1. When the Karplus curve 6.51 cos²θ - 1.76 cosθ + 1.60 is applied with θ = phi - 60°, which whole-Hz ³J(HN,Hα) does each residue of segment 7-15 get, with x for Gly and Pro?
2. Can you list the residues, at least 5 places off or on another chain, whose amide H is less than 5 Å from the amide H of residue 40, using H built in the peptide plane?
3. Between residue 70 and residue 41, how many nm apart are label points set 7 Å from Cα along the C-beta direction?
4. Neighbour counts of other C-beta atoms within 10 Å: give me 27, 17 arranged from fewest to most.
5. Got a sec? How would 16, 28 order by Cβ neighbour count within 10 Å, fewest to most?
6. Please rank 19, 37, fewest neighbouring Cβ atoms within 10 Å first, as an exposure proxy.
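All of the numbers you see were taken from the coordinates with simple rules; none came from a lab. Just so it is clear, the model here is predicted, and its values are computed rather than measured. Note that we place each Cβ from the backbone using ideal geometry, even for glycine, and neighbour counts take in every protein chain shown.
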Amino acid sequence: MPIREFQCRCGHRFETLVLPGEDESALTCPKCGGMSLERRMSVCSARVADGGGGTRSLGSACSTCSGGSCSTCK
Ligand SMILES: [Zn+2]
C-alpha cells in the first residue's frame with residue numbers, strides 16, 4: 001500500500017494513501033489546511049502496539065525505531 005507520511009509545518013503528522021498518479025503536492029494538512037508538508041518515510045503500515053496497553057492509530061511514528069527496520073515495523 002503506497003501510504004505516505006507527511007508532517008505539516010504546524011506539527012501535525014498524518015498518513016495518507018497516495019494513489020498512483022495522484023499529486024502529492026496537492027495534499028493539505030487535515031488539521032490546519034496548510035500545504036507546507038514535509039514528506040516522511042512511512043515505516044509502519046499498520047497499527048503497532050504502543051506498549052502502553054493501546055494501539056496507535058496510523059499517523060504515529062513507530063515508538064521503537066525511526067528507520068523502519070525494527071520488528072515492530074514489520
Ligand atoms: Zn497543519
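1. 10, 7, 4, 6, x, 6, 10, 8, 10
2. For residue 40, the qualifying residues are 5, 6, 7.
3. 1.4
4. 17, 27
5. 28, 16
6. So the residues, fewest neighbours to most, are 19, 37.
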